[in-house]
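Only the coordinates and a few stated rules stand behind these numbers; no lab work does. Since the structure is predicted, the reported quantities are computational estimates derived from the model, not experimental observations. Note that each Cβ is placed from the backbone with ideal geometry, even for glycine, and that neighbours are counted across all protein chains shown.
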Amino acid sequence: QRRTDEAIRELAARTEERFSRLEEAQRRTDEALRALAARTEERFSRLEEAQRRTDEKVDRLATEVGALSRLVGATAEDDADSLLRVVLPEKGYQLLGAPSLLRVDGDVDVVAPAAKDGQTVWVVVEAKVRISWRHIEDWANRMRSEGYRQKLASAGVPGPYLVYAYGIRMDKGAEEAARTFGIGLLTGRGELVPPGSLIPSVEVPNSESCG
């Protein structure tokens with residue numbers, strides 16, 4: 001019985017010691033987890049602050065790029081305006097009014113009335129920073145669309161139309177596209193490709209007569 005009691009006491013002592021070690025290990029684990037959580041929270045805070053600063057920089061950059069884009073776009077339109085004042089008289093046209101900007105379907109074009117041999121025409125120029133084959137093809141298709149010409153007429157530009165494209169820079173193939181689609185091409189050096197035949201006017205539906 002005495003040996004049994006001693007064995008039980010030893011087992012109890014070892015068990016208590018193990019529990020103590022387990023409690024100490026748990027305490028150290030809890031401390032490590034709290035420290036890890038604190039470090040993680042600090043890292044997230046730093047990441048959030050870095051993201052906030054990045055977002056601010058991106059917003060500023062977008063604003064600056066937008067302003068630069070508008071400035072460059074305005075420069076292209078101003079260039080087209082100046083070129084028309086030189087090119088049209090060389091072709092025998094008399095400007096009947098100063099070139100002006102016209103916005104149709106979100107696109108800004110340069111338009112000007114001119115006369116030659118007793119006929120009044122409207123010169124329409126799509127001005128881009130960079131002109132490609134695709135731009136010219138799209139522009140030609142748009143000008144040959146009756147719906148688009150009705151919008152032009154409704155905006156006070158009734159045609160017939162002498163159509164140009166102007167670009168500060170020209171992609172390879174732009175000149176060939178202009179000849180293919182019959183669109184005049186203007187560059188900083190003047191008229192690179194003369195426009196094809198005039199694109200005719202279209203009738204504007206009279207809404208008052210409908211119904």
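Bridgeable aspartates and glutamates around K91 (alpha carbons under 14 Å apart, same-chain partners fewer than 8 residues away excluded): D117, E191.
Among the GluC sites (Glu not before Pro) in segment 99-195, none sits in a DSSP loop with a Cβ that has at most 16 other Cβ atoms within 10 Å.
From the alpha carbon centroid of segment 1-36 to that of segment 86-123 is 97 Å.
Using every pair of distinct Cα positions in segment 85-140, the Kirkwood expression returns a hydrodynamic radius of 12.5 angstrom.
Rounded to the nearest 0.05, the FRET efficiency derived from the C-beta distance between R130 and L47 at R0 = 41 Å is 0.60.
Loop-located trypsin sites (Lys or Arg not before Pro) in segment 93-188 (DSSP state other than H, G, I, E, B) with a sparse environment of at most 16 neighbouring Cβ atoms within 10 Å: R144, K172.
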